[in-house]
1. Under 10 Å, Cα contacts only: if you run a Gaussian network model on the chain, which one of Gln13, Gln202, Gln81 comes out with the highest mean-square fluctuation?
2. Can you give me the relative contact order of segment 68-206 as a percent, contacts being Cα pairs under 8 Å and 6 or more apart?
3. Please turn the phi angles of segment 119-124 into ³J(HN,Hα) values with the Karplus equation 6.51 cos²θ - 1.76 cosθ + 1.60 (θ = phi - 60°), one per residue in order, whole Hz, x for glycine and proline.
4. What fraction, in whole percent, of alpha-carbon pairs in the chain exceed 22 Å separation?
5. Would you grab the residues whose amide H sits under 5 Å from the one on Lys97? Only those 5+ places off in sequence or on another chain, please, with H modelled 1.01 Å from N.
6. Report, in deg cm²/dmol and to the nearest 500, the calculated mean residue ellipticity at 222 nm for the chain, where each DSSP H run with n ≥ 4 adds -39500 (n - 2.57) and the sum is divided by the residue count.
7. 5 Å is the cut-off here: which amide hydrogens, built 1.01 Å from N in the peptide plane, fall below it relative to Val149, excluding neighbours closer than 5 in sequence?
8. Rounded, prolate or oblate: which one fits segment 138-179, using the alpha carbon gyration tensor with axes a ≥ b ≥ c (rounded when a/c is under 1.5, else prolate when a/b beats b/c, else oblate)?
Amino acid sequence: MKLKLSEVFFSIQGEGPLVGLPSVFFRLYGCNLSCSWCDTPYAREPYPFFEMEVEELIHYWRENFPRIPYVVLTGGEPLMQEGAIPFLEALVAHGAKPLLETNGSLPIKDVPKEVLIVMDLKPPSSGMEEFNLYDNLHYLTLKDAVKIVLKDREDFDWAVDIITKWHLLDKTQVFFSPAHPFLSASELAGLILETRLPIRLQVQLHKILGLK
Ligand code: SF4
């Protein structure tokens, strides 16, 4: 089965529960959303893509990074492609520790349970709030995470309401990230501290390091 890809690269994981760990990234091509502050527009039309078979991708990872179990499927939106789940299943079968980054608008119920899921919830400023698939929240566990990128105070208040309503802090990990350049990490830190809730502030480590 073939997958469409935008890029393949090796870097330090800059976000989420595996932050700081060297990881192999497969950026799958195409996205079903159009966030106002998208930072990867090149992963969708009209930009180019290339295709590889699942077996070729597994071979690439095993040949080049035999000591690196951390394999990230990101996008775009990986779950748009039929081959994404078979690829995750193959990675698990070969001993990888896969991480799926998904925009939260498509069902995650068929993702293998061994896969660590980092799922976005899109706040009002993204323009994509209506596409949040809240049913997905039933499938996340404490190994997984919800990530919310916030542009302003309205987004922040919305996000706190959502995590309270869904008891997310008891079900999964919660990461709040500032949307650059609209909200600074220090402003967001102040807002989080005001809530006295155990929300984790996330900055993009790879960007601080000048990495992809
Ligand atoms: S879901 Fe991600 S890739 Fe798709 S438009 Fe939004 S930020 Fe960009």
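Any read-out appearing in this document is the output of simple, stated calculations on the displayed coordinates, not a laboratory observation. The structure presented is a predicted model; accordingly, all values stated were derived computationally and were not measured. For neighbour counting, all protein chains shown are included, and Cβ atoms are generated from backbone atoms with ideal geometry for every residue, glycine included.
1. The residue that fluctuates most here is Gln81.
2. 17 percent
3. With the stated coefficients, segment 119-124 comes to 10, 6, 10, 8, x, x Hz.
4. When every Cα pair of the chain is considered, 48 percent fall beyond 22 Å.
5. For Lys97, whose amide H was placed from the backbone, the distant partners under 5 Å are Tyr70, Val71.
6. The helix-only estimate for the chain comes to -7000 deg cm²/dmol at 222 nm.
7. Amide H neighbours of Val149: Leu121, Ser177.
8. oblate
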